[in-house]
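The values are calculated or read from the model by the stated rules, or taken from the named source; none is laboratory data. Keep in mind that what you see is a predicted model, and the values were worked out from it rather than measured. Cβ atoms come from the backbone with ideal geometry, glycine included; neighbour counts cover every protein chain shown. We work out accessible area using only protein heavy atoms, side chains counted, and drop any ligands, DNA or RNA first. Shrake-Rupley method; radii C 1.70, N 1.55, O 1.52, S 1.80 Å.
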Amino acid sequence: MARGRTQPGVKTHRRGRRRRTRRRFPVAPWIVISTVLALVASGLVLSYTWLLGTGCSGDPLRATVVAAPDIKEPLSVLARAWEREEPSVSGRCIGVEVREKSSSQVATKLQSSWNTVTDGARPHVWIPDSSVWIQMVESTDIGSLMIPDKTPLAATSPTVIAMPKPMAEALGWQSGGEPVADEPSWSNLLSLAESGSWADFGHEEWGDITLGMTAPRQSTAGIHALLSLTDVDRNGDVVSDELDNVVRLSGILDETPNDIDAILQELSQLDPEEDLNGYVSAFPALERDVWRYNNYMENGVELTAVYPSDGSLDADHPIAVLQNVEWTDRTYQEIGWQFASFVTGDTGRELLLEEAFRDGTRRTGGDALNNTEGLTPQIDESQRGPVQPSAVGGVIAAWEALHRAANVLVVLDTSESMNASVQHNGEEVTRLEAVRRELSDALSLFGSQASVGLWEYSTAAYYGEPDYTELVSMRAFDSAQEDAINVAAQQLVPGGGSALYDTAAAAYETLLNNYNDEHGAANLVVIISDGGNDDDNGGLGLPELEAQLDNLASADRNKKASIVTIGFGSDIDAEALTTIAESTQGMFFEAEWNDQLKPQLLNALFNAV
């Protein structure tokens with residue numbers, strides 16, 4: 001759980017809303033939960049009858065467990081309880097140290113940018129709050145090797161539609177109510193927020209029906225809601241047509257705070273006796289967020305958890321004992337698996353149920369849920385099935401494209417090898433044509449806040465000319481720019497060798513010269529290649545390229561720009577493409593087969609930084 005947020009909550013900015021000035025609490029009233037939780041849980045631990053020790057010796061060897069904030073405190077209590085049982089490996093006492101880090105940060109940093117100085121020790125065990133973050137890591141080659149096939153679930157908390165109780169009652173969406181509008185579902189919620197008015201339900205004083213949502217890139221409730229709203233047919237995949245719902249959703253949201261406490265803080269200051277005009281009508285949340293708000297708020301309007309009829313994704317807290325990484329070994333993995341067994345056993349289950357989580361496998365709640373107004377102990381609505389990693393990457397990419405400023409120079413390999421035939425959607429085309437089609441689809445996700453340019457490179461240029469050509473210079477990505485890029489890409493013809501190294505240096509310099517210094521903007525060169533460097537005209541070697549890239553980056557350390565490389569096909573020089581990317585803090589994505597090209601292209605364009 002985030003601590004001490006004072007960011008404003010989600011409020012409408014539509015014309016005609018009344019504005020209020022309200023007293024701000026210096027600290028949110030539910031901030032003390034972790035302390036209370038630890039004390040209560042510690043009392044529970046002290047009441048156990050512990051097993052006899054195993055006779056292990058020495059100071060415990062502790063594995064590092066990095067856990068989502070919402071489950072960190074109960075896991076810490078369980079870690080102490082487990083250590084008192086004197087677990088061991090080969091006679092050596094063992095234990096775990098539980099640390100807290102947001103799941104989105106771990107998913108981003110785990111594969112390439114983890115800094116032990118600023119981020120702490122790398123995890124031997126990772127417990128995010130949702131399998132979605134696991135799937136995001138598994139969508140890359142490096143990440144897929146880290147995650148074991150078995151990831152037992154520690155505890156679950158369904159994603160719900162949280163609403164002020166009077167509003168849920170007005171729609172008949174409260175527990176046991178008869179819907180006045182259509183049944184409570186993600187799709188109906190989107191429709192109501194697009195054009196609905198509370199006047200249609202007898203409450204003109206509340207104004208329009210508004211929807212808030214936490215940012216999907218940082219928030220589990222946000223990414224769960226985004227997936228539920230886009231995966232309309234519930235098959236675990238998201239196709240191009242379904243991505244249109246991302247655009248619909250983006251158009252009706254006024255603000256997207258990074259964490260749920262920003263919304264809860266605002267609602268906690270609402271006088272229940274006043275009307276609700278100017279406040280968010282509904283927002284995705286985890287069931288446990290509603291529980292802690294209703295149990296620990298000092299004032300404010302009571303919340304109701306609406307369980308969508310078209311199913312929900314659960315924050316299921318998978319336990320991933322990491323493998324195939326340099327900082328772990330069999331001993332740490334054994335420690336991780338022993339702790340996982342303890343957490344999912346009777347002791348762990350009892351404690352987690354007391355803290356308003358549901359059982360990790362059966363979705364069964366305990367007394368904490370039974371005794372809380374606004375929650376349903378027994379969920380009748382179905383749980384959504386697993387989501388494909390490509391779907392996670394696709395919806396995040398679409399969201400990022402609409403909300404993040406981007407400055408992107410796309411560089412296409414047009415050497416002779418790009419003339420090789422591949423199957424694309426049942427049709428035999430060249431590699432270059434397959435890339436062109438997927439690139440066109442991916443670029444269509446960009447909004448006007450992006451700036452995009454296009455280059456090609458091969459050694460087929462006339463003697464004395466560079467082995468790369470600027471086809472479309474970097475400009476704001478309006479409809480004219482999109483048309484210009486598509487027309488230029490359509491006219492490309494493969495030929496010659498591949499001047500990869502000279503092109504990478506020139507493209508990186510061009511990007512830096514066209515740098516977007518807007519806060520949070522992504523500045524990227526995206527190179528798509530089906531080989532490596534094959535330059536008959538000489539040019540830079542790989543060591544010289546690395547040195548040149550370093551010199552360019554060193555000229556202005558305030559400019560954070562990266563080269564992202566995509567290797568397409570079975571003949572790529574993965575080492576060279578990886579080296580180029582990592583020299584600029586970028587990432588390499590491999591698409592050996594045609595069906596891997598689109599998700600890797602989306603990852604490269606929108607999820608690489």
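Annotation: TRP327 carries an accessible surface of approximately 60 Å², with a 1.4 Å probe and no ligand, DNA or RNA atoms counted.
Where does the range 379-430 land on the Kirkwood hydrodynamic radius, alpha-carbon pairs, in angstrom?
Kirkwood radius, the range 379-430: 15.6 Å.
The alpha carbons of the range 388-522 occupy a box of 42, 40, 27 Å along the principal axes, longest dimension given first. DSSP beta bridges confined to the chain are antiparallel in about 40 percent of cases.
What is the range 443-491's relative contact order, in percent, from Cα pairs under 8 angstrom and six or more apart in sequence?
Worked out over the range 443-491, it gives 40 percent.
Sorted largest first, the spans of the alpha carbon positions of the range 123-239 along the three principal axes are 55, 30, 23 Å. Restriction of the chymotrypsin sites (Phe, Trp or Tyr not before Pro) in the range 423-529 to DSSP coil positions whose beta-carbon has at most 11 other beta-carbons within 10 angstrom yields TYR462, TYR463.
The alpha carbon centroids of the range 504-579 and the range 119-149 are separated by 27 Å.
Just so you know, the averaged projected area of the alpha carbon convex hull for the chain sits at 29.7 nm².
With bins 5 Å wide beginning at 0, the percent of Cα pairs of the range 346-449 falling in each bin runs 2, 9, 12, 11, 10, 10, 9, 7, 7, 8, 8, 5, 2, 0. Looking at the range 261-322, the accessible area is 21 square angstrom per residue; that uses a 1.4 Å probe and ignores ligands, DNA and RNA. Across the alpha-carbon atoms of the range 429-480, the computed radius of gyration and Dmax are 13.6, 39 angstrom. Counting heavy atoms of the protein chains alone, THR256 has an accessible area of about 50 Å² for a 1.4 Å probe. Take the Cβ atoms of CYS56 and ALA121, set R0 to 25 Å, and the FRET efficiency comes out at 0.65. Considering helices alone, the calculated mean residue ellipticity of the chain at 222 nm is -10500 deg cm²/dmol, with DSSP H runs of length four and up weighted by -39500 (n - 2.57) and normalised per residue.
Sorted into 10 angstrom bins from 0, the C-alpha pair distances of the range 456-516 split as 20, 44, 33, 3 percent. Globularity index of the range 145-205 is 1.66 (Cα radius of gyration / 2.2 N^0.38 Å, N = number of residues). Cα-based radius of gyration for the range 211-352, normalised by 2.2 N^0.38 Å, reads 1.33. Can you pull the percent of Cα pairs in the range 182-294 with separation above 20 Å? When every Cα pair of the range 182-294 is considered, 45 percent fall beyond 20 Å.
The translational diffusion coefficient of the range 497-590, from Stokes-Einstein at 37 °C and 0.692 mPa s with a Kirkwood hydrodynamic radius over alpha carbon pairs, comes to 245 µm²/s. Seen from every direction in turn and averaged, the convex hull around the alpha carbons of the range 88-139 projects onto 4.7 nm². For ASP483, the solvent-accessible surface computed with a 1.4 Å probe is close to 90 Å², ligands and nucleic acids excluded. For the range 279-328, the Cα gyration tensor yields ellipsoid semi-axes of 34, 16, 9 Å (square root of five times each eigenvalue, largest first, whole Å). Entry note, the chain: relative contact order of 14 percent, from Cα contacts under 8 Å with a spacing of 6+ residues.
Kirkwood hydrodynamic radius of the range 53-212, from the reciprocal of the average inverse Cα-Cα distance over all distinct pairs: 19.6 Å. Translational diffusion coefficient of the range 257-309 (Stokes-Einstein, Kirkwood radius from Cα pairs, 20 °C, 1.002 mPa s): 183 µm²/s.
Separation of the range 150-217 from the range 328-361 is 33 Å, based on Cα centroids.
Across the range 273-403, the volume of the C-alpha convex hull divided among the residues equals 192 Å³ per residue.
Relative contact order of the range 151-209: 19 percent, from C-alpha pairs under 8 Å at least 6 residues apart in sequence.
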